[in-house]
Structures are given as structure tokens and as C-alpha cells.
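Since the structure comes first, as C-alpha cells, the remarks are kept for the end.
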Amino acid sequence: MSGKQLARRALLVGIALAAGGVTYAWRSSVKRRRQLERAREVLHRILEPAAFRPLGAAYLAQQPAAARVEDLLGALERRLATRLDTLSDHDSAFGQIAAAIERDLEAGDVVELDGWVVAETAALIAGLCQLLES
């Protein structure tokens with residue numbers, strides 16, 4: 001093969017790889033948006049998000065680097081040991097959250113927000129509610 005043919009082949013392979021990467025990123029983005037919407041639905045079903053917003057604002061002020069929905073959702077899901085969008089009913093969602101908060105309190109994983117001492121899981125939920133509702 002000549003140098004031109006190799007260069008053209010390399011260009012075509014590069015374009016194909018780039019197109020595949022864009023398609024993968026787009027699919028991942030759509031999937032994540034669906035997960036975020038489902039997480040919002042779960043939070044609305046089990047609690048009143050507006051009630052958490054003041055604590056959420058305080059949490060985000062203390063943790064400005066974590067002020068992204070994806071970051072907070074990921075941290076919350078790690079504490080719950082499940083994806084929030086997979087919790088199908090009020091009882092399972094509430095039970096998972098209550099268990100995570102209990103683990104936080106037992107381990108001393110707490111933060112102070114506007115004079116309140118709250119479990120890290122509750123703080124993550126508050127921050128998530130603030131971001132999702134604003």
C-alpha cells in the first residue's frame with residue numbers, strides 16, 4: 001500500500017472512532033438524563049423537596065466543588081448502595097435512605113448545616129433537592 005492509501009485509511013478509521021465516541025457520549029447523556037429525572041420523581045414521591053432546600057443551600061455553600069447534580073447523585077447512590085432511579089416504591093426508597101442515614105449516624109458521618117447536625121446522606125439529599133428544584 002502506498003503512503004496515501006495508509007493516510008486515507010488512518011483518516012477513515014479516525015473518523016469512524018470519533019463518530020462512535022460521539023454516539024456513545026450522546027447515548028450516555030440521554031441515559032443519565034433519564035436517571036436524573038427518575039431520581040427527581042423518587043425524591044418527590046418520598047419527601048417534600050422544598051423543605052430540604054434551605055439545608056441544601058447551606059450544604060452547597062460548604063461544598064462548592066460538589067455542586068453538580070451528577071456528583072451529588074453519585075455520592076448518594078454510593079451511600080445507598082443502589083441507584084436511586086431503581087427504587088420502585090415509597091417503602092423501599094424510604095427504607096434505603098433511612099438505613100443509610102442510620103449507618104452515617106453510627107459511623108459519625110455527619111455535617112453541620114446552619115446549626116443543624118445532619119447525617120451525610122441527608123445532607124446529600126438536601127443538596128440534590130436544592131439543585132433539582134432550582
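The values are calculated or read from the model by the stated rules, or taken from the named source; none is laboratory data. Predicted model only: the values in this text are computed from it and were never measured. Cβ coordinates were reconstructed from backbone atoms using ideal geometry, including for glycine residues, and neighbour counts include every protein chain displayed.
For the range 63-73, filtered to residues that are surrounded by 14 or more Cβ atoms within 10 Å (Cβ to Cβ) and part of a helix (DSSP H, G or I), the residue that is nearest to the chain's Cα centre (by Cα) is L73.
For the range 102-130, the tally of residues that are surrounded by fewer than 19 Cβ atoms within 10 Å (Cβ to Cβ) and not charged (D, E, K, R) stands at 7. When every residue of the range 42-62 is checked against the conditions, at least one turns out to be surrounded by 13 or more Cβ atoms within 10 Å (Cβ to Cβ), assigned to a helix (DSSP H, G or I) and of a type in the set (S, T, Y).
The set of residues in the range 78-134 that are among the charged types (D, E, K, R), at pLDDT 90 or above and closer than 17 Å to I46 by Cβ comprises R79, E102. For the range 96-134, the set of residues classified as assigned to a helix (DSSP H, G or I), of a type in the set (V, I, T) and in contact (Cβ under 8 Å) with a residue 60 or more places away in the chain consists of I125 only. Can you find, within the range 14-60, the residue that is farthest from D89 (Cα to Cα) among those that are of a type in the set (A, V, I, L, M) and at pLDDT below 60? Filtering first and then ranking leaves I15.
Report yes if D85 is in contact (Cβ under 8 Å) with a residue 12 or more places away in the chain and part of a helix (DSSP H, G or I), otherwise no. Answer is yes for this residue.
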